[in-house]
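Reviewing the structure listed below.
The values are calculated or read from the model by the stated rules, or taken from the named source; none is laboratory data. Predicted, not measured: the structure shown is a model, and the values here were computed from it. Neighbour counts run over all protein chains shown; Cβ positions are idealised from the backbone, glycine included.
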Amino acid sequence: MSDIYMPRLSDTMEEGVISSWVKNVGDKVASGDVLVEIETDKAVMEYEAYEDGYLVRQAVSEGETVPIGAVIGVIGDSPDAAPQDSGAPAAAPAEKKEQAAEAEATAAGEGPAEPAATVPAASANGADARPRTSPLARRLAKEYGLDITRISGSGPKGRIVRADIEAAAKQQGEQAPAAAAAPAPAAAAAAGAPQQAFDDGRDSEELKVSNVRKVIARRLTQSKQEVPHFYLRRTIDAEALKEFRGQINAQLADTGVKVSFNDLIVKAAATTLRSHPAVNTSWVDDKLLQHHRVNVGVAVAVDAGLVVPVLHDTDKTTLSEISTTTRELAGKARDGKLKPQEMSGGTFSVSNLGMFGIDSFSAVINPPEAAILAVGAMKQEAVVRDGEIVARNTIALELSVDHRAVDGAVGAAFLKDLAEVLENPMRIIL
């Protein structure tokens, strides 16, 4: 008998959501079989079994969020094996989740949580004992106006948990909708005048927020609050780059590979980072880390938000390999099938919104990287060449830099050399 724990599937993951169980209780499991799909802070990932046996317990239901290290299931030697249940271990995932929510409520100013209730022995006259509840369950019961002593607990030893409160609230709403609405008219009458609910005129609806979106929001907020960004802008002449791309794709026509402008920029950035190692760094816990590998992340927009799959050793990878790998990773990102190692280890990122016609923009740094390159659309502009005004294709680049790790002059030198590589694109492959 062995427990299955919520794994850490990314370097920033703190909790996970059970998206769906692939194996049902009683199913035979072989090492390498997919047990469950887990939604992390970056994508929905498949979690494989590490041993043979039978899934004898699903400790966490689909849709539930639990912290890393919580027990989510149990594998046994036979389909009929029953896991030992002492009460406390089985409740760990739910309790940790509720304790975290209670802590957030306390921090938000709702007051300190009262100690968790225990079940006292029944009195001699047969009076009902106080039910076992969690602090969060008590708070929710109060908010819903429920008598917690009338609710049956589904947790270990009859403990009342959040799900029980929400189920009771839903049932109460279905049974007596008129009663729930009654207090408002009564309060209005007591005030002496009818009161109408305020309508802000926006016709709003609360949408379900995925775990990925929540973490994106938290990390980007942290990045803007903690990382001192500064920005460097440069517009490059893209005529030679456009011609170079045409030549490359003509030679690759028989292979089915087509190199994009973004592939060229990613490769040029990796090539330039080799000669500017000071930009290929990270500031972490008051320490400056120098990365000896160049791993460029490529931002990909998906329904859940923005994910950044990583091309490892980009400086040593050919253009055709970059093109092929980028498209494979982008497809996996949209399908939610990226593996942890495909999203970890980035040392620099490129975010391109040119395909949407965006002229230029400022990207938010992806911690713990020290910089990210924002790429705008290629467009024709009037420029001066040899004393004459001519139309030329240009691309606007903007480098967002962490000032703790990289000084202004260092960042400017990197962007200057990157622009020169792109304007003389043969240097990309030399």
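Key figures
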read-out	value
Subset of region 243-268 (residues that are surrounded by 15 or more Cβ atoms within 10 Å (Cβ to Cβ) and among the charged types (D, E, K, R))	ARG245, LYS258, ASP263, LYS267
Residues of region 6-60 that turn out to be farther than 30 Å from GLY305 by Cα and touching a residue at least 60 places away in the same chain (Cβ under 8 Å), as a count	0
In region 269-278, the residues that are of a type in the set (A, V, I, L, M) and crowded, with 24+ Cβ neighbours inside 10 Å	ALA269, ALA270, LEU273
Where a residue in region 165-180 is under 18 Å from THR133 (Cβ atoms) and surrounded by 12 or more Cβ atoms within 10 Å (Cβ to Cβ) and its partner, wherever it lies, is modelled with pLDDT of 55 or more and of a type outside the set (Lys, Arg), with Cβ under 6 Å and at least six apart	ILE165/ALA137; ILE165/LEU140; ILE165/ALA141; ALA168/LEU146; ALA168/ILE151; ALA169/TYR144
Odd one out for ARG234, checked against (1) among the charged types (D, E, K, R); (2) in contact with a helix residue (DSSP H, G or I) (Cβ under 7 Å, 6 or more places away or on another chain); (3) exposed (fewer than 15 other Cβ atoms within 10 Å of the Cβ)	(3)
Where a residue in region 225-245 is polar (S, T, N, Q) and its partner, wherever it lies, is modelled with pLDDT of 95 or more and surrounded by 15 or more Cβ atoms within 10 Å (Cβ to Cβ), with Cβ under 8 Å and at least six apart	THR235/THR394; THR235/ILE395; THR235/ALA396; THR235/LEU397
Candidates VAL279, VAL266, VAL284, filtered to the one that is of a type outside the set (Gly, Ala, Ser) and within 19 Å of MET355 (Cα to Cα)	VAL266
Residue that is modelled with the lowest pLDDT [pool: residues in region 149-164 that are exposed (fewer than 14 other Cβ atoms within 10 Å of the Cβ) and touching a helix residue (DSSP H, G or I) at 6+ places or on another chain (Cβ under 9 Å)]	LYS157
Those helices (runs of 4 or more DSSP H) lying entirely in region 188-307 with at least 3 residues of a type in the set (Val, Ile, Thr) and assigned by TED's automatic domain parsing to the domain that holds PHE414	211-226, 261-275
Yes/no for SER349 being in the same structural domain as THR314 (by TED's automatic domain parsing), farther than 20 Å from ASP237 by Cα, modelled with pLDDT under 95 and buried (at least 16 other Cβ atoms within 10 Å of the Cβ)	no
Residues within region 315-328 that are more than 24 Å from ALA250 (Cβ to Cβ) and either among the acidic types (Asp, Glu) or crowded, with 22+ Cβ neighbours inside 10 Å (or both), tallied	1
Region 292-311, subset over 15 Å from the mean Cα position of the chain (by Cα) and either of a type in the set (S, T, N, Q) or surrounded by fewer than 18 Cβ atoms within 10 Å (Cβ to Cβ) (or both), residue farthest from LYS208 (Cα to Cα)	HIS292
Total residues in region 327-344, condition out of contact with any Pro (no Cβ under 8 Å at 6 or more places or on another chain) and touching a residue at least 60 places away in the same chain (Cβ under 8 Å)	5
Every residue from region 404-430 that is in contact with a helix residue (DSSP H, G or I) (Cβ under 9 Å, 6 or more places away or on another chain), modelled with pLDDT of 95 or more and not in a helix (DSSP H, G or I)	ALA405, VAL406, ASP407, ASN424
Boolean, ALA396 is touching a residue at least 40 places away in the same chain (Cβ under 8 Å), crowded, with 20+ Cβ neighbours inside 10 Å and part of a loop (DSSP other than H, G, I, E, B)	no
Residue among VAL44, VAL22, VAL119 that is surrounded by 12 or more Cβ atoms within 10 Å (Cβ to Cβ), outside the structural domain of ALA301 (by TED's automatic domain parsing), modelled with pLDDT of 85 or more and not charged (D, E, K, R)	VAL22
Condition check for GLU388: crowded, with 18+ Cβ neighbours inside 10 Å and free of Cβ contacts under 8 Å to residues at least 60 places away in the same chain	no
